[in-house]
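Since the structure comes first, as C-alpha cells, the remarks are kept for the end.
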Amino acid sequence: MDDLWTRAIERLRPHMTPEIFDTWFGVLRCERADAKEVVVRVPNPFFEDILRSYESTLREALQQEASLPAPPRLRWKVDPSLQQAFDEPEPPAPVRRSEPSAAPPHRGGTSSPPDALHPRYTFESFVVGPSNQLAHAASLAVAEAPGGRHNPLFLYGGVGLGKTHLMNAIGQRIRKRAPNARILYVSAERFTNEFVRALQHRRIEAFHRRYREQCDVLLLDDVQFLASKEQTQEEFFHTFNALYHADRQVVVSSDLEPARIAGLQERLISRFQSGLVADIQPPELDTRIAILRAKAALEGVDLDEGVAEAIARRIRSNVRALEGTLTRLLVRAQLLGRPLEAAWVCERLDEEGASASGETPRLRIEAVQRAVATHFGLRVADLRARNRARHVTLARQVAMYLCRRRAGASLPEIGRRFGRDHTTVLHAERRIAKLAKVEPDVRETLLALERKLDGRGG
Ligand code: ADP
Ligand code: MG
C-alpha cells in the first residue's frame, strides 16, 4: 500500500522541481489505503494547506495506479513523529536533474539563493506590440526608477504571454544600473515553500531578514499560487508592507487581475490595486510575426516572412506555443534536410491542427495508434489495454506523445482513446520528450514514425 502511494506520487515528480517534490512529498507516509479512501500522515498542519493544491491530481494518480473505478478520497493525518525525521540533519545532496534555474535543495530553506534571473528574458529580447505595450512601459518605468511612483507593479495575463519575461527584464535592468541592488526573484510557490520550512526549522528571523531587510526589489511571480494559503498570505502581507514602507520596489504577477483571484485576502487585493496594474493580452498578428522572427534570429535563422505569417495565423493565443511550434518546425525541417518553406509549413500545421484538411482529431489519433502498433509489432488493442509490459508501455507512451504533436486533440480526448485520463497522457508526453533527448533508439523510432505519418515512407 505504501507502494501504491509511492507510485502515485512518482507521477507528480516530473511536474515540479526536485526541491519542491522532496519538501512536500518526500516526508509523507501512507497509513492505509483501500478503494474508497487513502490516509496519509503529514508532519504538521501546514502540509494540508499546501497539499490541497495537489489533491485532485493525487487522487487521479491513485485511481489509475490501483485501476479503481473512481478516485479515492484523500485524508491527511498529522503525525508529529514525522516532524523529527524532517528535522534530522542534512542528508547527502541527491543527484539533480539539469534544471538551470533551480537552486540546490536546502533543508534550512531560508538561506538558499533566490531563483536566478533568466539571462535571455531581457527588455532587448521582448517584442512590444499593442497587446503588451502598457505592461512593457510600466515595467520599463519601474526598472528606471524602482521604489518610485509605480509601487507595487502588478502584471497580469494568460499563460505564456510574457509576465515572467518582463519581471526578469526588470530585474536585469536594475542590476545593470545598480550592480549592488539586492534583487529577489521568486515564484509564489517557492516563497511558500521557504516560509513553511523556515517555520518548521525555527528560522523565521532569517526568513524575515532575507525578504524584509536584505531585499531592495522583490519580484514575486504567479501570486495566484497563494490563493487560500492563509498563513503564507499573512506572511506575504507583512513582507509587502515592510518593503513598501521602506520604498523598496515590489513587482507581482498573476494570471488574473487582483480582484478576480479567488481565495486572495481583501487586504492584499487592495494593496495590489493601490499601485499600477497592467494587463498583457494575447498578441496581434503583427506582433506574433515579429516575435517569431526575433526568436528565429536568436537561433541564427533568417525566417521567411511568409513562413512567419503562416505560423502566426494559426497559433494565436500563447507566445510559448508560438515559440514551441517554430522550434518544432525548424527541427523537423532540419531532420528532413529541407528548407523551411511556407507551403510545407502550412501543410504540416493543417495536418496537426483541426483545420482545413477534413481529417478529424479522432481519425488522426487512430492513424497514430495504427502506425505505432505496427512499428512495435503490437495490435492497436494492446495500446488501449491495461497491459503494463515494458515494451507495451513504451509503445503506448510513444503513441500518446505523437498524438499530442499531431492530432490537434485535447488531452482528455487523447486519454479517452487510450482508456486513460489526461494526466497519464501528460506524463507520457514528458517521459518520451525526455527519453528522446538521451536515447538514440527512441529518437530514431520517433523519426521513423513521423516520416511514416507524413506519408514519406520509413
Ligand atoms: P508567462 O510568465 O506570462 O506565462 P513567459 O514570460 O514565460 O509567460 O513567456 C513565455 C515565452 O514566450 C517565453 O519564452 C518568453 O520569452 C516568450 N515571450 C512572451 N512574450 C514575448 C514577447 N513580447 N517578445 C518576445 N518573447 C516573448
Ligand atoms: Mg510565468
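The values are calculated or read from the model by the stated rules, or taken from the named source; none is laboratory data. Worth saying up front: this structure is predicted, and the values here are computed from it rather than measured. Here the Cβ is made from the backbone with ideal geometry for all residues, glycine too, and neighbour counts use every protein chain on show. Accessible surface areas use protein heavy atoms only, side chains included; no ligands, DNA or RNA. Shrake-Rupley method; radii C 1.70, N 1.55, O 1.52, S 1.80 Å.
Restricting attention to the stretch 132-155, does a residue exist that is within 12 Å of ligand 1 (Cβ to nearest atom), acidic (Asp, Glu), out of contact with any Ser or Thr (no Cβ under 7 Å at 6 or more places or on another chain) and over 13 Å from residue 283 (Cβ atoms)?
no
State the number of residues belonging to the stretch 5-43 that are of a type in the set (A, V, I, L, M) and open to solvent by 30 Å² or more (accessible area, probe 1.4 Å).
Counting residues in the stretch 5-43 that are of a type in the set (A, V, I, L, M) and open to solvent by 30 Å² or more (accessible area, probe 1.4 Å) gives 2.
Check the stretch 182-193 and report whether any residue there is at pLDDT 95 or above and farther than 24 Å from residue 230 by Cα.
yes
Filter the stretch 135-165 for residues that are without any contact (Cβ under 8 Å) to a residue 60 or more places away in the chain, crowded, with 20+ Cβ neighbours inside 10 Å and either farther than 24 Å from residue 270 by Cα or not small (Gly, Ala, Ser) (or both) and give the result.
Listed by number, the residues that qualify are 136, 165.
Just checking, which of 211, 185 is in contact with a Ser or Thr (Cβ under 8 Å, 6 or more places away or on another chain) and either within 16 Å of ligand 1 (Cβ to nearest atom) or part of a helix (DSSP H, G or I) (or both)?
Working: 185 fails: in contact with a Ser or Thr (Cβ under 8 Å, 6 or more places away or on another chain).
The conditions single out 211.
Looking only at the stretch 409-422, count how many residues are surrounded by 15 or more Cβ atoms within 10 Å (Cβ to Cβ) and part of a helix (DSSP H, G or I).
Count: 7.
Considering only residues that are within 15 Å of ligand 1 (Cβ to nearest atom), at pLDDT below 90 and of a type in the set (Gly, Ala, Ser), which ones fall in the stretch 286-344?
Of everything in the stretch 286-344, those that are within 15 Å of ligand 1 (Cβ to nearest atom), at pLDDT below 90 and of a type in the set (Gly, Ala, Ser) turn out to be 317, 321, 324.
Quick test of your reading of the structure: residue 279 fulfils all but one of (1) within 16 Å of ligand 2 (Cβ to nearest atom); (2) of a type in the set (D, E, K, R); (3) farther than 30 Å from residue 215 by Cβ. Name the failing condition by number.
Status for residue 279: all satisfied but (3).
Inspect all residues belonging to the stretch 99-113 and state whether any of them is at pLDDT 95 or above, away from ligand 2 (no atom under 16 Å from the Cβ) and either open to solvent by 70 Å² or more (accessible area, probe 1.4 Å) or assigned to a loop (DSSP other than H, G, I, E, B) (or both). So that I can check it myself, show each step before the final result.
Restricting attention to the stretch 99-113, the residues satisfying the condition of being at pLDDT 95 or above are none.
For the stretch 99-113, residues at pLDDT 95 or above, away from ligand 2 (no atom under 16 Å from the Cβ) and either open to solvent by 70 Å² or more (accessible area, probe 1.4 Å) or assigned to a loop (DSSP other than H, G, I, E, B) (or both): absent.
Let me confirm something: among 203, 182, 209, which residue is free of Cβ contacts under 8 Å to residues at least 12 places away in the same chain and surrounded by fewer than 21 Cβ atoms within 10 Å (Cβ to Cβ)?
209
I'd like to check something: does the stretch 394-408 contain any residue that is outside any helix (DSSP H, G or I) and open to solvent by less than 70 Å² (accessible area, probe 1.4 Å)? Working first, answer last.
Residues of the stretch 394-408 that are outside any helix (DSSP H, G or I), as a first pass: 407-408.
Applying the additional criterion that residues be open to solvent by less than 70 Å² (accessible area, probe 1.4 Å) yields 407-408.
Checked against the condition, which is being outside any helix (DSSP H, G or I) and open to solvent by less than 70 Å² (accessible area, probe 1.4 Å), the stretch 394-408 yields at least one hit.
Residue check, residue 164 against (1) hydroxyl-bearing (Ser, Thr, Tyr); (2) touching a helix residue (DSSP H, G or I) at 6+ places or on another chain (Cβ under 7 Å); (3) within 22 Å of residue 290 (Cβ to Cβ); (4) part of a helix (DSSP H, G or I), all met but one. Which one?
(2)
Cβ-Cβ distance below 7 Å, separation of 6 or more or different chains: which pairs start in the stretch 237-254 with a residue that is closer than 15 Å to residue 192 by Cβ and among the polar types (S, T, N, Q) and end on one that is within 16 Å of ligand 1 (Cβ to nearest atom) and open to solvent by 40 Å² or more (accessible area, probe 1.4 Å)?
254/156; 254/222; 254/224
Restricting attention to helices (runs of 4 or more DSSP H) lying wholly within the stretch 239-318, give those where 1 or more residues are in contact with a strand residue (DSSP E or B) (Cβ under 8 Å, 6 or more places away or on another chain) and open to solvent by less than 40 Å² (accessible area, probe 1.4 Å). Reasoning before the result, please.
Values: elements: 266-273, 285-298, 305-314.
Once the helices (runs of 4 or more DSSP H) in the stretch 239-318 are filtered for at least 1 residues that are in contact with a strand residue (DSSP E or B) (Cβ under 8 Å, 6 or more places away or on another chain) and open to solvent by less than 40 Å² (accessible area, probe 1.4 Å), what remains is 266-273.
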